[in-house]
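Report on the structure given below.
Quick note: the coordinates plus some simple rules give every number you see, no bench work behind them. From a predicted model like this one, the values you see are computed outputs, not experimental measurements. Glycine also receives a Cβ, built like all others from the backbone with ideal geometry; neighbour counts cover every protein chain displayed.
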Amino acid sequence: MFFLSLIEHTLRLPPHLLNLPLDQAIKGELETLFWDKVIANLGLCVSIYDIRNIDGGFIFPGDGASTFTVNFRWIMFRPFVGEVLSGEVEESDAKGLRLSLGFFKEITLPAHLLPNPSKFGEDGKWTWDFNGTELPIEKEDEIHFKVHSIRYPPIPVEQEKDVKPFAPMVITASIDFDGLGPISWWV
């Protein structure tokens, strides 16, 4: 779920930060640039782990900032396909469910990856018919799910009005396996 990723970045350090210790100033700028951002095929930047190397300190003509080449490691959130995670049901509609881990909310559970047979009721809830017993999926239920896929969609050039905001990383989940689904089903 969490990985260390080694990243090299050319960083412009503004002059007003040069009074701080160099590693502290660079760490602050890296956190400003990368924290809570998604890097395609690496995942969501959670926290800086360490700074491995700082080179440079060049000042380009006409610019008062120092430029450094920094090698550092980030803790990245990137679950693997097949990993089982525990989250919470955020919302439910006829297309499926939207789940949340608290810090990451772009998890979709489409209707075809729910246990079979499942149905969407007029009350806005999904239920699984298990041998004649209807097991509901309630909003805010704690739910175990398996990662079915991870996508990094291309950034749209233009976004239409009244469209869901762009998500740079989308996880598709599945609960169509034994032991998965709301915890209340299994206790």
Projected onto the charge dipole of segment 33-187 (unit charges on the beta-carbon of Lys, Arg, Asp and Glu, signs +1, +1, -1, -1), the Cα from Phe72, Ser86, Pro110 with the largest positive-side position is that of Phe72
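Please list 50-57, 139-146 highest first by mean number of surrounding beta-carbon atoms within 10 Å per residue.
Details: 50-57: 12.6, 139-146: 17.2.
Peptide ranking by packing, descending: 139-146, 50-57.
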So what's the back-of-envelope 222 nm ellipticity for the chain, counting only DSSP H runs of four-plus at -39500 (n - 2.57) apiece and dividing by all residues, rounded to 500?
-2000 deg cm²/dmol
Taking the Cα centre of the chain as origin, sum charge times position over the Cβ atoms of Lys and Arg (+1) and Asp and Glu (-1), and report the length of that vector in debye to the nearest 20.
560
If the reach is capped at under 19 angstrom between alpha carbons, list the aspartates and glutamates near Lys119, excluding any in the same chain fewer than eight residues apart.
Glu90, Glu91, Asp93, Asp129, Glu134, Glu138, Glu140, Asp141, Asp176, Asp178
Projected area averaged over all directions for the convex hull of the alpha carbon atoms of the chain, nm², comes out at 14.5
Output the 0 to 90 degree angle, nearest 10, between the alpha-carbon long axis of helix 22-34 and the longest principal axis computed from the alpha carbons of the chain.
40
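Can you pick out the pairs among Lys139/Lys161; Lys27/Lys146; Lys105/Lys125 whose Cα atoms lie more than 30 Å from each other?
Numbers: Lys139/Lys161 28 Å; Lys27/Lys146 35 Å; Lys105/Lys125 19 Å.
Lys27/Lys146, as the Cα separations exceed 30 Å there.
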